[in-house]
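Enquirer: Take this structure, written in structure tokens, and hold onto it; I'll ask about it next.
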Amino acid sequence: MPSTAESWGCPSTASSVRAPSAAPSTSWAAASWRSRAVPRNRPSPAVGLWLQVADVRAAYEELVAAGVEVDRPPVKEPWGLVEMWLTDPDGTRIAVVEVPSDHPLRYRP
């Protein structure tokens, strides 16, 4: 069974690791990166931001007043967080989240 590193196309032992060369196109890292690269005109779907704020409704009002297009206004989710979603100009999804005072994430023993 391959190791995690091997399954990602990385060498599995220290003896197989090569120092960076002047010609990065010959290194395993450069080849691996190129094969998985996302075109620069769109963000990777794996990238997103999760921003926690004290009052998501106040953040919503401030963003709307500044002319920001909000994809989804604040909604209390079934898991108890209040979330608002927007997308930056490059297409990266951003969740703006409020953790209510009675939510288990606020529990401090």
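The values are calculated or read from the model by the stated rules, or taken from the named source; none is laboratory data. Only a predicted model underlies this, so the values are computations on that prediction, with no experimental measurement involved. Here Cβ is always computed from backbone atoms with ideal geometry, including for glycine, and neighbour counts include all displayed protein chains.
Enquirer: Go through the stretch 62-92 and report how many residues are closer than 17 Å to ASP102 by Cβ and assigned to a loop (DSSP other than H, G, I, E, B).
Expert: 5
Enquirer: Let me ask something additional. Based on this model, can you work out whether ALA59 counts as modelled with pLDDT of 90 or more and assigned to a helix (DSSP H, G or I)?
Expert: yes
Enquirer: Select, from SER44, SER25, SER12, SER35, the only residue that is part of a loop (DSSP other than H, G, I, E, B) and either modelled with pLDDT of 50 or more or surrounded by fewer than 10 Cβ atoms within 10 Å (Cβ to Cβ) (or both).
Expert: None of the other options fit; the residue is SER44.
Enquirer: How many of the residues in the stretch 65-87 are within 16 Å of LEU51 (Cβ to Cβ) and touching a residue at least 12 places away in the same chain (Cβ under 8 Å)?
Expert: 13
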